[in-house]
């Protein structure tokens, strides 16, 4: 290959700092139908949604509760934010993250993840790379909608801060759903994947409802307490989803250890109850602290006990 052609090829390639797993998944994901068809479909639907909004007398309904991860903003009713955000939410929050249900399949095939972990890649790097690739595709699709947002703003009748909140909600909720889908994809049976994803989504929605209702009842609006609690939900469930996927590609589980995936599933079940206790104890203000704690539990739960560095290995009795 000529030197100029090789330089051009390298300039068009993905940067190495993204990590090998992220680069691999991005290369494959950009060619998959799970990205191409929703990408085309969301623009067609966005055009239809914009045309529908042009015919509406009132696009947005005013509310004091336009805060992070308030999903009622996407639904018709007293907090409705327009047809455009219904389309963006359906594709970026649900359809595209569900593509993650197939991401761990290659690594779970016999012998694949064992060979992978013999390289410098750790379990966290494998799972994180897949998450960043899937989430990146969701963000790429969401960012392509920016021209439509500009048109909506120029027409008028649009609250800028509310639309910024809606965009951030798409970013955070797609991250949680992507992590949950990747965690569910670490199970081999399709039925188990669906059950685990439903468990993850149910736990997430219940916890989100508890902390945000608690904050809204106290502050009477979506202020900084409301938004910080929303951020804590995103942190917790991204950690739990990735920890579940990580626990499923562990090479060795000792006889005296509980299966790591069971611990993460237990954390998913217990998190809403922990949040339900923490929210009234903090008078609705800091239920998110419990979520941060449960996220850290997921981060540190799957760690095998190791001997200190100074301890020598026992001699082989041959």
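Quick note: the coordinates plus some simple rules give every number you see, no bench work behind them. Here the structure is a predicted model, which means the values were calculated and not measured.
Using the alpha-carbon centroid of each, what span in Å lies between segment 61-84 and segment 192-267? Here the answer is 24 Å between Cα centres. Normalising by residue count, segment 17-301 has a Cα convex hull of 133 Å³ per residue. Subtracting the Cα-Cα distance of residue 299 and residue 195 from 0.36 nm times their residue separation leaves 35.2 nm of extension gain.
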